[in-house]
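FYI, it's all coordinate maths here, none of it is from the lab. The structure displayed is predicted, hence computed values, not measured ones. A quick note on method: Cβ atoms are made from the backbone with ideal geometry, for glycine too, and the neighbour counts reach across all protein chains shown.
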Amino acid sequence: MSNIIFATQNRHKISEVQSILGERHTIVSPEQLGFVGEIPEEELTLEGNALQKARFIHSMFNLPCFADDTGLEVKALNGAPGVYSARYAGEGKNSEDNIAKLLGELLDKDNREARFRCVIAYIDGSVTEHLFEGIVNGKILFEKQGDEGFGYDSVFSPEGFEISFAQMSLIEKNLISHRGRAVSKFVDYLMCELN
Ligand code: ITT
């Protein structure tokens, strides 16, 4: 069993990823290491932001570290909110406000197709950088459904399902989600790295 730093300030992401990593790797958050403040994410792409978050925390603690940057890409909005998903309705990063803005923007649109894209950046013990991507296609619902999950989960229904991510358990979401897919590629890499 080994410890690995997850450069995030989102406790929901930590729960989801720890559930996939199981007992093999224990996630340590920057907060648990005494970090206070905000992890910067100022780049224009998910890849750039994931790398920026991982590099920032790695440079502070000098230990293997990964970060996740995720965007909701809506077809009728030309890929928005994308890399700006967290601050879609303003700097408050408020999910209720973000959802209200999204549903408002889609009021006059017929096409509700969307996808979540997650990029994980990992900096290993020899300071080499690795990227892993996971995507799930789906659609934006007309109103919120369910209380599980976080962020945009209550208005996103993955392809092949009539329910939202917020109506699934963490394990069900992980099996098909953007993050679940990116983490499973990351886990495959870690297994090869350790063998
Ligand atoms: P960290 O940067 O600290 O990891 P964050 O919440 O700011 O946490 P992101 O920038 O990656 O993370 O997230 C962008 C936005 O997308 C943010 O509003 C999240 O709530 C939302 N989001 C991310 N993953 C999601 C998921 O699996 N389901 C629903 N919404 C998600």
Fill in the blank from the handout: Computed over the chain, the Cα gyration tensor eigenvalues, each multiplied by 5 and square-rooted, give semi-axes in Å (largest first) of 29, 18, 14
Problem - In Hz, Karplus ³J(HN,Hα) per residue of segment 133-147 (6.51, -1.76, 1.60; θ = phi - 60°; x = Gly, Pro) - result: 10, x, 10, 10, 8, x, 9, 8, 6, 7, 8, 5, 9, x, 10
Practice task
Let me have the 222 nm mean residue ellipticity of the chain computed from DSSP H runs of 4+ only, each contributing -39500 (n - 2.57), with the sum over all residues rounded to the nearest 500.
Solution key: -10000 deg cm²/dmol
Completion exercise
Fewest-first ordering of Glu73, Glu47 by Cβ atoms within 10 Å yields Glu47, Glu73
Handout entry: Which of Thr128, Thr45 has the fewest Cβ neighbours within 10 Å, and the rest in rising order
Key = Thr128, Thr45
Problem - Pairwise FRET efficiency - Asn3 versus Ala76, Cβ, R0 = 45 Å, nearest 0.05 - result: 0.55
Handout entry: Taking the convex hull of Cα positions in segment 95-162, its mean projected area over all directions (nm²)
Key = 6.2
Problem - Given charges at Cβ of Lys, Arg, Asp, Glu: the chain dipole, positive-most of Gly71, Gly138, His25 - result: His25
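What is the gain in length, in nm to one decimal, between Glu162 and Tyr189 on full extension, counting 0.36 nm per residue of separation less the C-alpha to C-alpha distance? Display every interim value, and only then the final one.
Numbers: separation 27, 0.36 × 27 = 9.72 nm, distance 3.29 nm.
Full extension from Glu162 to Tyr189 adds 6.4 nm.
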Problem - For Val28, residues with placed amide H under 5 Å, excluding near neighbours - result: Ile4, Ile5, Phe6
Practice task
Would you mind checking which residues have amide H under 5 Å from Phe156's amide H? H placed 1.01 Å from N; only 5 or more apart, or other chain.
Solution key: Leu141, Phe165, Ala166
Completion exercise
Out of Ser85, Ser177, Thr8 - ranked by how far each Cα lies towards the positive end of the dipole of the chain, with unit charges on the beta-carbon of charged residues - the top one is Ser177
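How much length, in nm to one decimal, is gained on full extension between Glu31 and Thr128, taken as 0.36 nm per residue of separation minus their Cα-Cα distance?
Values: separation 97, 0.36 × 97 = 34.92 nm, distance 2.39 nm.
Computed gain between Glu31 and Thr128 is 32.5 nm.
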Fill in the blank from the handout: Taking a ≥ b ≥ c as the square roots of the eigenvalues of the Cα gyration tensor, with a/c under 1.5 meaning rounded and otherwise prolate when a/b exceeds b/c and oblate if not, segment 1-98 is prolate
Problem - Backbone HN-Hα couplings from phi across segment 36-42 [Karplus 6.51/-1.76/1.60, Hz, Gly and Pro as x] - result: 10, x, 10, 7, x, 9, 10
